[in-house]
Structures are given as C-alpha cells and as structure tokens.
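**Q** Quick one: the structure is below, and I'll ask about it shortly.
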Amino acid sequence: MTMPTGYSRGLAYWPLALLALALLLPQLLGMFGFDFYVSFATRIMIMALLASSLNLLVGTGGMVSLGHAAFFGAGAYTVAILAREWGGTPATSALLSWPLAMLVGALLAAFIGAICLRTKGVYFIMSTLAFAQMLFYVFLSLKSYGGDDGMSLTQRSTLPGIDLGADVVFYYVVLALFAVALLLLGRLDRARFGKVLRGIKDNELRMESLGFAVFRFKLVAFILAGAMAGLAGALMGNLNNFVSPNMMHWEQSGVVLVMVILGGLGRLWGGLAGAAAMLLLEEILPNFLPHWQILLGVILLAVVFFAPRGLAGIFRA
Amino acid sequence: MSMLEISGLKKLFGGLVVTDNLDLSVAEGELHALIGPNGAGKTTLIAQISGSLAPDDGRIVFAGHEITRWPAYRRAQLGLSRSFQITSIFPSFTVLDNVALAIQARSGSSFRFWQPVKAESALYEAALEILARTGLDALGENPAAALGHGEHRQLELALALATQPKLLLLDEPMAGLGAEDSQRMVELIERLKSQYAILLVEHDMDAVFRLADRISVLMSGRIIASGSGEAIRSNAEVKLAYLGEEEIA
Amino acid sequence: MKKQLLWLALLGALSLPAQAADKIKIGFISTLSGPGGVLGAAIRDGFNLALEHTGGKVGGLPVEVIVEDDQQKPDVAKQLADKMTKRDKVDFVTGVVFQNIMQAIEQPVFQAQTYLISTNTGPSDLAGERCNPLFFAAAWVSDSYSEASGKNVNDKGYKNVFVIAPNYPGGKDVVNGFKRFYKGGYAGEVYTKLGQLDYAVELSQLRAAKPDAVFFFLPGGMGVNFLKQYHQAGLNKEFPLFGTGWSFDQDTLAAVGEPTLGALNAAHWNLDLDNPQNKKFVADFEKKYNRLPNEFASQGYDALMLIDAAVRDVKGKVEDKEALRKALEAANFKSVRGAFKFNKNHFPIQNYYLRQVVKDDKGRFVNKTVATIFTDHPDAYVSACKM
Amino acid sequence: MSGLLFAEQCLNGLQFGLMLFLLAAGLTLVFGIMDLINLAHGSLYMLGAYLAATLTQVTGSFLPGVALALLATALVGMLLEWSVLRHLYRRDHLSQVLATFALILIANEATRAIWGVQPLSFNVPAALSGSVELLPGLSYSAFRLTIIAVGLLVAALLYLLIGRTRIGMLVRAGASNRAMATAMGTNIQRLFTVLFGVGAALCALAGAMLGPLLAVQVGMGENILILAFVVVVIGGIGSVRGAFVGALLVGVVDTFGRAFVPLTLRQFLPPALADAAGPSLAAISIYILMILVLLWKPQGLFPSRA
C-alpha cells in the first residue's frame, strides 16, 4: 500500500556491497601486507556496535545518555572478572560470558534507567553521567581487579571449534555479531517498538495521551541498549585482552556520543559511519601534523555546519 | 448513564483556588460544551481530567472506573482521548504514520520488535479510514510538519479519534482557524456527535451553540450555570459575567 | 566501495614499506600528548640524545626508531604494540611511561617474543611472580622511591607522619613501599579522589593532626595542585614535606617554582650525580634542548644505551633471543645514574638518593643531592620471581 | 574533631563552593537564556587562567594581570559567540554538544601549541600569601579568604544586575521564556553577545583566582566543567540563585564527604572495609547529592521555567 519510507529504496545494493567488502577485508589487507589493520577494523566495528546501541537511545528515542560507557565497561569487566576468577573453566566460554556481559549491561541499565528516566533533558544527561562516574570511581578503587591500572586477560574467550585468539577469526565473529545487531536494529526501527520510540522522541506528551506507557518503552529501550553496549564491552575486552576503568569514564561516553552525532542521529548506519570516521581520523591525522587535534576539531565543526544530519545523512541525500 | 462523572474536584496552586469543588458530567453520546473566560480554570480542569495534573480532592469516574489517581496513559487506554489546544502531533512522521501510531496504541502490544509496521495492513486500513473521516485522505503521504494550520487541527482530531475513544476531550479545536477552516471543523465535529461522548472546550460561541447538547459555564474554578443553549443564553448571571465581557472584548 | 578503497590506499601510503634485515628496529610507544605527554616527551628527548651520542647507530648497526603516541589510552597502545610487533617486526619495544599502558601492551609484545624495555614504570607484579625473561625495567620498581622516602623519614627519627595519596591501588602500593621502611606511627592517612583539584580539606586535617613530617604521593597535576596549596597554606614552614622524585622532576620545578623550594624527595638519579657520563648527558641535553634534563630523560637515555650495549655484545645477531637476553642482563654500559646492575628479575639494583629543592646560582630551582639513602638496593619482590 | 577544625572545614566548603559558583553562574545563564549547551565553557576557564598567568608575568603584578586577562577572555568569548556559537542557538542540543566538543579539542591543542605542554608557573601574589587569624587558634589562608570575598562580591553584583537593571529584566525574561526574549527584537542579539562576554569574564575570574592554587595546564577545564554542570543541574537551569545555592551545597557536601565520611565509617565498619569504602564514597558524594536532588525535584532546586 505504501512504500517503505525509512530505508534504502534504490540504495539497497550498498549494504550488501559493504558486507562483501567486510568479508573480503582480511584477504585484501593480507594481500598488501597490512594484516595488522584487521584488528583495527575489528575495533571500528566494536565501537560501531557501541555507538549504534547509543544511537537507539539518542537518535531513535531522544534519550541523550552521557553515561553509556558504564554498560560498556560493565560488559568488559564481566568477561575479565569471569576469566580472573574462573579461568580455564567453562566460565571463559564466549557462549556463557558474552551473554552474561549482556545480562549485566541490561540489569545495570534497568537500575540506572529506572531512576534516570524520571528526569528529562539535561537533567537526564547529567544523572546518567553521575551513575557512570560512580561506577568509574568504584572500579578505580577495586584493588583486586587492578584499580586504575586495569587488568589483563590471559587469553580471549573460547568458542567450541573456533580459535578466537586468531585475529582474523575474531574479526569474523565480531563482523557476524555486528551484522546481526544492525539487522535487529533495522528491524526494530521499522517495527512497532521503533515507531513508538520515534514517537516519544517527537512528542512524549502526546504519546502519553494516546495511551502509551512511555516510561516502560523508554526503559525497555534503555535495557536493550545497555545489553548491546555490554556485548560491545565484552568484545572490546577480548580484542585488547585488557579492561580498565577508563572504559567507563565520562569522556568515553562523550566520545561515543560524538560518534553518534557525527555519524547521523537515528540512522541505522550512523553508528558505523561515526565510529569509522572518528577512529580513522585519529589514526590518519597524527601522521600529517603535530597539532592534529585542531584539524579534527575543525572537521567536526564543519560537520555540524555543513552536514547537520551527520555523515550517514550525506549518504542518503 | 454518565460516561464521565466528576464530583467535588478541587485544585489549589499555592493559595489560589483554580478548581473549586467542581461537579461535571458527560453522558453517553452527549456533547457537553464548557465555556468560560480566560483564567476561569479550563486548562487546569482538562489537565486533571486527562491525567497530567493531580487534583487535591474530589473524584473522577470514567466508564465505571474511578480514575482520579491514574496516570494519563491508563486513562487513554480506557478510552479517554484528548486533543490539544496547541497542536500536538508527530512532525517527523507522515500524516498516515501519525494516525497509524495512534491506532497502534489501542490495538495490541507495541512491544513488537521484528515485524515491520508497514506489513500490518489492518493498522493502515484503519488509519486510512480515520483519514477519510477527518478529510485528510489526500494528504496521507505528506510529512506532518509540512501541513497548514487547519490541516494540523484536523490531524490533531484524527489522532484523538484513532484511539477508539469512548470520550473525546476536545481542547479548543477551532483555535486559530479562519472562517473556512472553522466551518469545516464544526461540520466534522457535528458528524462525530452522538458516536462519542464529547467534552468540548471552546471559545467560538457560534460553534458552541450550534454543536452543544448542554453547555456549562466555568468561572473562577466553579460551574456557575449549566443547561441547554437557550437556558445559558438567557441566564442573567452568565450574561453579566461572561457574555458581557465577550462583547466588550 | 570506491571510498573504502581510497581509505585503504591512503592507509597503505602511510605505512612504511618493509625494511632490509640488517637493521635494528626499535618501537617507541610513549605518551606524547595529553596531560601525561610531558613525561613521554622527556623520555623521548633523552632517548634521542643517546642516539646522537651513539652516532645514530645501535651496536654499530643502522637503526630505525618508530615513534608512536599512545595518547595515554591503553586500547590505543595495545593497537600500536600489535602494529609494531606484527607489521614492523621490531626487535625492541620501549618508551612506555604509564603502568596501565604497560599492562595493555605486555601481552602482545611478549607473545611476539619481543624484548620490552621499560623507560619508566616498573610494575611490582612484573618484578615478582609475573616476572618475564623478555621484560627489562631500565628505571626502577614502582615503590622504590617511596621505600627510599620511608627509609629516610625513619632514619631521621620521625615518629608521627601524615600520609596522603590518591585512592587507587597504584597509590596504595606506593604508600606500602613507604610503610615497609618507616616504622613509626601515623598522624593520619588520607586517600583522595583521583584527579582531585582542591586539597584544602586534607590540609586542614593535616594541620590539625600536627604530624612531625608529611609524606605525599600525588602524580601529575594533582601533585602540582597539592604542592602549591601546601606552600600557600604556609605548611612548608611547619611540617617537613617528603615526596617521591616524580613530583619534583626538573620540568615540574621549572613550572611550579617557589612552592617546591626546600621539599625533600627520593630518586635514583639527579643532575649533580658525579660521574663522567652524567656530566656529558646533562651538558649535552641542555645544549640540545635548552633546558635541564629530568630523571625521565635520564631513563630514556639509559634505555637506548642498554639496547646499544646489548646489540653490540651479540654482534648484531638480535635473532638469537637467548644471547640477546644474556647481553641485556649484563647491562654492559655506563649508566648516567652511576653503578647499577640487573637483578635476576631484570629489575635494577641501584642507589637511591635524597634530594632537596634549592635555587642554583643561576636562580633556577633544582634538586641538590643531600644524601645516599640506599646503596645497591634491590626491590622487595625479587624473591617471588622464578626466573 | 575540634570545633575549630569544623569551622575551618566549613570555610573550605564555602570557598570551594564559591569557586564553583563563578563557573556555574556563566554556564547557567548561557544555558538558560540562549539555550546553549556550551561544553567549551571549561576552555574559557582554562584560557582565563593561562592569560592571567602570562599577563601577571608580563605586567609583573597580579591585579593588572588578572584585569587584563578578564578583558581579553571576555573579548575572546564574544568573538567566539559571534563567529560560531551564535549560529548554534537555533540548533538542537546535540549539534551544540558536537560543535562545542570540537571547540574543546581546538582550544586544548591550540593552548599546547602556544604555551607548551608543561603546566604554567602561576603563584599566589606575595601580599596574599600569608594567613589571617580569624579566631584565636583559627588562621585561614588570606588568598582563600580573598576567593570567598570575590565569590560573594560576584554573587552580590549578579544579584543586583539581574534584579535591578534593564539587562537583568531581559535576562530573567529570557530564562523563563525564550520565545519572549527572542520576540523582544534585534537587541537580543547584542544582549546575547554581551552576556556571553560576561560569562567568559566570570570564567576568566575563576581561572585567575584558582590558577595560583591549581595546576595551570591543558585539560584543567574539563575536570571542573563537570562539577559546574552538576551545580547548574542541582540549582535549576537558568537560575543564578540556584547556581549559588547549588554551588554552596556541592562545596559543603564534597568537603564534608571528604573530611568526615571516612572517619565516620571507621566507627561502624571494620577498618579494612572502612578504608576501602570511605574515600570512594567521598569521591562520589556530589553525584549522590545530585541524584537525590533530582529525584526530589526533577528540574533542580530553583526551576526557572514553569
């Protein structure tokens, strides 16, 4: 009856092209002798996963959280603590530890969300920040888990029949998870739940008076995003074999938020675009000039003024 | 039987009494119009009925349930639907999606994460039907933000209708409309009359006298008169307090 | 698609082509930007000066040094370590400033069977149970400065000390080093928030507690804040202040000035240490960089000298990891800190000095060596090392 | 804990609170009236401190150095408003976040390029370096007393400015109703620029007063920015009175958290646990305060918008 207005009419080919490229990337990099960049690409995807989860809150639901790193860090520490306390047991299996990291992210989000979602606007921003900072200071002082120095993992999580320790293998696992996450987010956006979130972002009062239990929808979105951020944290802990409280510092939350805005608020590919652009700039710019952060700042300003809908917005225009 | 029964409602802001021991009812199929000068307490009354403001005292019974302390969304789920004085729609949605979203509120759970809304043909058929009833059928694919003021008011009403209400709480639906749009709105409400219980708050006296089965006059938080259009027109107190003012203004 | 390929090409252009084999490659991962960037810059300057002194070669062989900034972010450092060991296939990794960076990079470096020479941080677990044949600490173990402070405070006969440090394990470790040698009582022990700005509350407590001496460990900007406020509150006239050398390095003295005057601190190196190589180091450093070196610079200098000596000893055959390890263990070079040797855990056995901040004849604030606190002092963790 | 120490800690809380107020006042005004989330507020504070340190060195004296720094920072602030921020007022908050985050990056790196990576030398002027005996046995730093005096003076001036002048009337109108402020016409643009200059000058004042106590270094702005935001949120956005009360509350809670919580815990908990929990609890006390305030009043203590 009506054409889908949300996504990709004639453009439907490019996600597939991107996926094909992503599948071939390790081989391409290998051909040129850039094997190392496989891990870099993995890092981009993990940050993209984190940014996409935040985009669900900020871009789709209008909930600007500046404490999203809390769930990221919590997921990472879940994996690290399991490995530290029960190393060599099934607890280090990705089949157990990654879902558990998601669960921890979800539970934490349920708790923080239940309190913070009672406030709005900047008050919401600051109260999410407050909770993340509290968690940061707690982990900073936890001696048994490394405190400020963070803690190393002796090895990546295990999967039956798959060696996650190999960077290329880990890359494909992350790619698969990220692809699934994007698929789920894309479906969610077009499903009833996504419409409700977008409705809340547009006009919360009206949603309430139409009979939507706004708070519940927001809380569920918050929990979903928390779980996804927890998974991103678990993956990042695995990629680096290292976790530290800095993963939950407010500046980390800020950087992810910047990635989302840069990439495109409420756009399915916004998280990926923002994370990739930010990390690539940070990787490339220092090679050209010593005070590269000035240039990075200027680029971000240019995006604000000339691409107000973010990088993914340019793509669609 | 009353669809809405308000008794002894009271609200104070600081020392100021804004709703003063107020009784009001709307019968099934009745269009009850509420008029009153600015500052009479209409906005606070609507806020209390719709659930965005808690009364200090009194009872609100709607469709057999006491809803005095219910949150707004539960009242809406029970069939109490409102339109807003200042247009309140979803500007980033298309007109059709606006209405579909409103229908979604009353048809099954919205905790659905997988199936695209667009595939729910029942939802969109119902939405198209509402658009037809509110005269917006030609505009379905337009972004809501791009509509003119009169069309915004129609969409506002369409949203209220889409939730399968038992009672419509219409907060100044003609506000800001030109003569032509006003006329269309009056005709629209006329058609809705008798299908729903309606509580109409309106400044446009011509519209009120044309539409209302019963009119109540609100002054300083109290109902000072209630009755048919004829009775209100001839009520001395109302003339003095209200219509007089209207003529001066 | 096109865009992606463009990025790839761009990345490719940036990465250097593979090198010939008869060349020593050193990966220098250091914190060069952000608040901690001062330390990394000092280490790099010392390292570069040493390279100049060896004629731009290491062990007589041409050398390529790949310098990268970790931005004090562990995940960035980890990525750099991966890049250097996997892509550039470096023979040594060095330059690290901070313990959390070391934590993040040790695994990839060790896994690649590459030698890791610390130019600053010396994590105590790497000195003890987790000691590793591939790891050499060219500077110190992390609590040795505070051990020296504790010994000094104890020897001076102080009985009632007030201790202040940040509330994180690193801070508590340093305090434990102090406690190992200081046997008196405590007028107070305060742990502050990491990154705290204002110390008025703690200074009030301190004054009320009437200690006979104060020991503080507050790295970076926190230390500067504390020193200024301590001085400003006039407490420097009431209670002698002891600290670790990190809070009183030459760059800090130059920046903070007056408030540091008179403070006592412990370190393994000083400007005025009387040995020929140190005199040359200090003079040439000042000539080259137009400022006096600090201990961080001396550590960078020593690290390259250590590598230089080891490569010379194995006659450039760095592929022979076993021989290289023996050569590194021998530490066959003249350190600017004077006599020193590696313990079996690859951490130094060396002297620690008591220094005091004074004004020199040119009106500059400098550390003057007052006494030798420890002679040939090993770390406390070596017994746990099974190597 | 003696009464004198208690009194001294109260002074410490007051002083810390007032220094936060200097920052929060400008932030809350810009926020409430121009509806601008300005993350670069901390950068102006940093700039103020750097300029005050440099100009004090150049002029050889504290007072002219600070005065010039105030002026220069105000100018930079107005320039910033005119060139970048003005174009952000009508944008959503998130664009503002991204743009002002970019400004932080630029400001920090530019500061490094101009002044180098080392912290800058900036010490308490000799005349204020001593301490004053307030009560027998209670002497307090003259410079910290000066900070208290300056903070109170600024609070009083702002009170008069906002309560008694035409500009203040516009400001109040703007804070409670943005549309009304905009409707007042073309003058509003100039008012915003001036107001932003005032906010920048307050930042510079905070930087100049705190520079001698704190490390003048790159990144000093971000640490304190979060505290300033906490104050603004507790007080209610747009309310200078709220910022004042919020700042004092944060100052006192933080001070007492640090001074008494570890001691108190030691009386109830085993020492090991108390030592572990005490400092952590003290570190997060202001965040707990903020959450509690927001649970009680979701719009802060003095909501300026109905």
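**Q** Report, in order of residue number, the helices in chain D meeting two criteria: a C-alpha extent of 24 Å or more along the helix axis, and a mean Kyte-Doolittle hydropathy of at least -1.0; treat each whole DSSP H run as one helix. Please list the in-between numbers first.
**A** Values: long enough: D:3-34 (45 Å, 1.65); D:41-59 (26 Å, 0.72); D:62-83 (31 Å, 1.75); D:93-115 (32 Å, 1.02); D:142-164 (32 Å, 2.03); D:187-210 (34 Å, 1.56); D:240-268 (39 Å, 1.10).
Length and hydropathy pass: D:3-34, D:41-59, D:62-83, D:93-115, D:142-164, D:187-210, D:240-268.
**Q** Take segment D:46-151, compute every pairwise Cα distance, and split them into 5 Å bins from 0; I just need the percent in each bin.
**A** 2, 10, 14, 17, 15, 12, 12, 8, 5, 3, 1, 0
**Q** Using only the Cα atoms of the protein assembly as shown, each taken as one equal point scatterer with no solvent, compute I(q) by the Debye sum, divide by I(0), and report log10 of the ratio at q = 0.05, 0.08, 0.09 Å⁻¹.
**A** So the normalised log intensities work out to -0.41, -0.97, -1.18.
**Q** Where does the charge balance sit around A:Trp292 when Lys and Arg score +1, Asp and Glu -1, over other residues with C-beta under 11 Å from its C-beta? Show your work: numbers first, answer last.
**A** Working: positive: none; negative: A:Glu282, A:Glu283, C:Asp69, D:Glu109.
Every neighbour counted, the sum reads -4.
**Q** Can I ask one more? Of all alpha-carbon pairs in segment B:88-164, indicate the percentage at a distance above 14 angstrom. Show your work: numbers first, answer last.
**A** On the way: 1614 of 2926 pairs.
Beyond 14 Å sits 55 percent of the P(r) for segment B:88-164.
**Q** Measure off 7 Å from each Cα along the Cα-to-Cβ vector at B:Arg210 and C:Lys344, then give the distance between these two points in nanometres to one decimal.
**A** Placing both labels 7 Å beyond Cα along the Cβ direction yields 10.4 nm.
**Q** Convert each backbone phi in segment C:285-291 into a coupling constant with the Karplus relation 6.51 cos²θ - 1.76 cosθ + 1.60 (shift: θ = phi - 60°), then list the ³J(HN,Hα) values in order as whole Hz, x for Gly and Pro.
**A** In residue order, the calculated couplings are 4, 5, 5, 6, 10, 6, 8 Hz.
**Q** Still on this structure: Just to verify a number: FRET efficiency for C:Glu64 and D:Arg86, C-beta to C-beta distance, R0 = 51 Å, to 0.05?
**A** For C:Glu64 and D:Arg86, the calculated efficiency is 0.50.
**Q** Next question. Taking the solvent-accessible surface of protein heavy atoms with a 1.4 Å probe, what is the per residue accessible area of the protein assembly as shown in Å²?
**A** Roughly 37 Å² per residue, with all protein chains present.
**Q** Give the peptides C:144-151, C:274-281, B:2-9, C:238-245 in descending order of average Cβ contacts within 10 Å, highest first.
**A** Highest to lowest by the protection proxy: C:144-151, C:238-245, B:2-9, C:274-281.
**Q** Check each residue of segment B:100-115 and keep those whose accessible area, probe 1.4 Å, is at least 20 Å² smaller with all protein chains in place than in the chain alone; give them in order of residue number.
**A** Buried by the other chains: B:Leu101, B:Gln104, B:Ala105, B:Ser110, B:Phe111, B:Arg112, B:Phe113, B:Trp114.
**Q** In debye to the nearest 20, how big a dipole does chain C give about its Cα centre with +1 on each Lys and Arg Cβ and -1 on each Asp and Glu Cβ? Don't jump to the answer; show the numbers that get you there.
**A** Details: 46 positive and 42 negative charges, 27 e Å.
Around 120 debye, computed over chain C.
**Q** Per residue of segment A:297-304, in order, report the coupling 6.51 cos²θ - 1.76 cosθ + 1.60 (Karplus, θ = phi - 60°) as ³J(HN,Hα) in whole Hz, putting x for Gly and Pro.
**A** Coupling constants for segment A:297-304: x, 5, 4, 5, 4, 4, 4, 4 Hz.
**Q** Take A:Asp148, C:Asp361 and sort them by solvent-accessible surface of the protein heavy atoms, 1.4 Å probe, largest at the top. Kindly include the intermediate steps, with their values, before the conclusion.
**A** Working: A:Asp148 30, C:Asp361 150 Å².
The ordering from most to least exposed comes out as C:Asp361, A:Asp148.
**Q** Right, next: On C-alpha positions alone, give me the angle between the axis of helix C:99-111 and the longest principal axis of chain C, in degrees, nearest 10.
**A** So the inclination is approximately 30 degrees.
**Q** Let me ask you something else. Applying the Karplus parametrisation 6.51 cos²θ - 1.76 cosθ + 1.60 with θ = phi - 60° to the phi angles of segment A:90-105, what ³J(HN,Hα) value in whole Hz is obtained for each residue in order, glycine and proline being reported as x?
**A** x, 4, 8, 5, 4, 5, 9, 6, 6, x, 5, 4, 5, 5, 4, x
**Q** Which percent of the accessible heavy-atom area of the protein assembly as shown goes to carbon and sulfur, probe 1.4 angstrom?
**A** Details: 28210 of 46030 Å².
Here carbon and sulfur together make up 61 percent of the probe-accessible area.
**Q** Compute the distribution of all C-alpha to C-alpha distances in chain D, in bins of 20 Å from 0, and list the percent of pairs in each, rounded to whole numbers.
**A** 32, 57, 11, 0
**Q** Helix C:169-181 versus the longest principal axis of chain C: what is the Cα-based angle in degrees, 0 to 90, to the nearest 10?
**A** The angle comes out near 60 degrees.
**Q** Using helices alone, I'd like the mean residue ellipticity at 222 nm for chain A: each DSSP H run of four-plus residues gives -39500 (n - 2.57), total over residue count, nearest 500.
**A** -23000 deg cm²/dmol
**Q** Report the accessible surface area buried between chains C and D, summing both sides, using a 1.4 Å probe on protein heavy atoms only, in Å² rounded to the nearest 100.
**A** For C against D, buried area totals roughly 2900 Å².
**Q** If you don't mind, another one. Spit out the partnerless Cys residues in the protein assembly as shown, using Cβ distances under 4.7 Å as the pairing rule.
**A** A:Cys116, D:Cys10, D:Cys203
**Q** What ranking of D:Ile114, B:Ile35 comes out by heavy-atom accessible area, probe 1.4 Å, highest first? Spell out each step's value before the answer.
**A** Details: D:Ile114 120, B:Ile35 0 Å².
The residues order as D:Ile114, B:Ile35, largest area first.
**Q** Turning to a different aspect of this structure: Which residues belonging to segment B:72-88 lose at least 10 Å² of 1.4 Å-probe accessible area when the assembly is complete, relative to their chain isolated?
**A** Buried on complex formation: B:Ala72, B:Tyr73, B:Ala76, B:Gln77, B:Arg82, B:Phe84, B:Ser88.
**Q** Please give the total accessible area that chains D and A bury against each other, computed with a 1.4 Å probe and expressed in Å² to the nearest 100.
**A** 3400
**Q** What residues qualify as long-range amide H neighbours of C:Gly59, i.e. H under 5 Å apart, gap of 5 or more or another chain, H built at 1.01 Å from N?
**A** C:Arg312
**Q** Given H placed on each backbone N at 1.01 Å, which residues far from C:Val97 in sequence or on other chains put an amide H within less than 5 Å of it?
**A** C:Thr31
**Q** Hey, another quick one. Looking at the protein assembly as shown, send over the antiparallel percent of its DSSP beta bridges, to the nearest 5. Write down the numbers at each step before the final one.
**A** Values: 47 of 99 bridges.
Percent antiparallel among DSSP bridges in the protein assembly as shown is about 45.
**Q** Ordering C:Phe340, A:Phe215 by accessible area with a probe of 1.4 Å, largest first, what comes out?
**A** A:Phe215, C:Phe340
**Q** With every protein chain left in place and a probe of 1.4 Å, what is the accessible surface of C:Ile307, to the nearest 10 Å²?
**A** We get 0 Å² for C:Ile307.
**Q** Quick one: of C:Lys23/C:Lys280; B:Lys11/B:Lys42; A:Lys195/D:Lys297; C:Lys151/C:Lys368, which pairs are farther than 22 Å apart, Cα to Cα?
**A** C:Lys23/C:Lys280; A:Lys195/D:Lys297
**Q** Can you list residues whose amide H is under 5 Å from C:Phe28's amide H, if they're 5+ apart or on another chain and H is modeled 1.01 Å from N?
**A** C:Ile66, C:Val67, C:Glu68, C:Thr94
**Q** Mean 1/r over all different Cα pairs, inverted: what Kirkwood radius does segment A:36-249 give, in Å?
**A** 17.5 Å is the Kirkwood radius here.
**Q** What is the distance in Å between the Cα centroid of segment A:77-103 and that of segment A:132-209?
**A** Using only Cα atoms, the two centres lie 15 Å from each other.
**Q** Taking the Cα centre of each part, how many Å lie between segment B:16-68 and segment C:171-219?
**A** After rounding, the separation between the Cα centres reads 65 Å.
**Q** Output the residues of segment D:93-125 meeting this criterion: accessible area (heavy atoms, 1.4 Å probe) in the chain alone minus accessible area with all protein chains in place is 50 Å² or greater.
**A** Buried by the other chains: D:Leu94, D:Leu98, D:Phe101, D:Leu105, D:Ile106, D:Glu109, D:Arg112, D:Val117, D:Gln118, D:Asn123.
**Q** Buried accessible area between A and C (1.4 Å probe, both chains summed, ligands and nucleic acids excluded), in Å² to the nearest 100? Write down the numbers at each step before the final one.
**A** Details: alone 15920 and 16520 Å², together 29130 Å².
Using a 1.4 Å probe, the pair buries roughly 3300 Å².
**Q** If ligands, DNA and RNA are left out, what is the accessible area of D:Ser304 with a 1.4 Å probe, given in Å² to the nearest 10?
**A** Here the residue's solvent-accessible area equals roughly 40 Å².
**Q** In addition: Along each of the three principal axes of the Cα atoms of segment B:91-216, give the extent in whole Å, ordering the values from largest to smallest.
**A** The Cα atoms of segment B:91-216 stretch 49, 30, 18 Å along their principal axes.
**Q** OK, next. Any chance you could list P(r) for segment A:161-317, counting all Cα-Cα pairs in 10 angstrom bins from zero, rounded to whole %?
**A** 9, 29, 35, 21, 6, 1
**Q** To continue, here is another question. Please give the charge dipole size of segment A:36-249, origin at the Cα centre, charges +1 on K and R Cβ atoms and -1 on D and E Cβ atoms. Round to the nearest 20 debye.
**A** 720
**Q** Let me ask something else about it. Using a 1.4 Å probe on the protein heavy atoms only, what accessible surface does D:Trp115 show? Give it in Å² to the nearest 10.
**A** About 60 Å², rounded to the nearest 10.
**Q** Still on this model: Averaged over all directions, how much area does the convex hull of the C-alpha atoms of chain C cover when projected, in nm²? Kindly include the intermediate steps, with their values, before the conclusion.
**A** On the way: hull surface 80.1 nm².
Reported value for the Cα convex hull: 20.0 nm².
The values are calculated or read from the model by the stated rules, or taken from the named source; none is laboratory data. Keep in mind the model is a prediction, meaning the values are calculated, not measured. In this analysis, Cβ positions are derived from the backbone assuming ideal geometry, glycine residues included, and neighbour counts consider all displayed protein chains. Accessible surface is based on the protein model in full, side chains and every heavy atom, while ligands, DNA and RNA are left aside. Shrake-Rupley method; radii C 1.70, N 1.55, O 1.52, S 1.80 Å.
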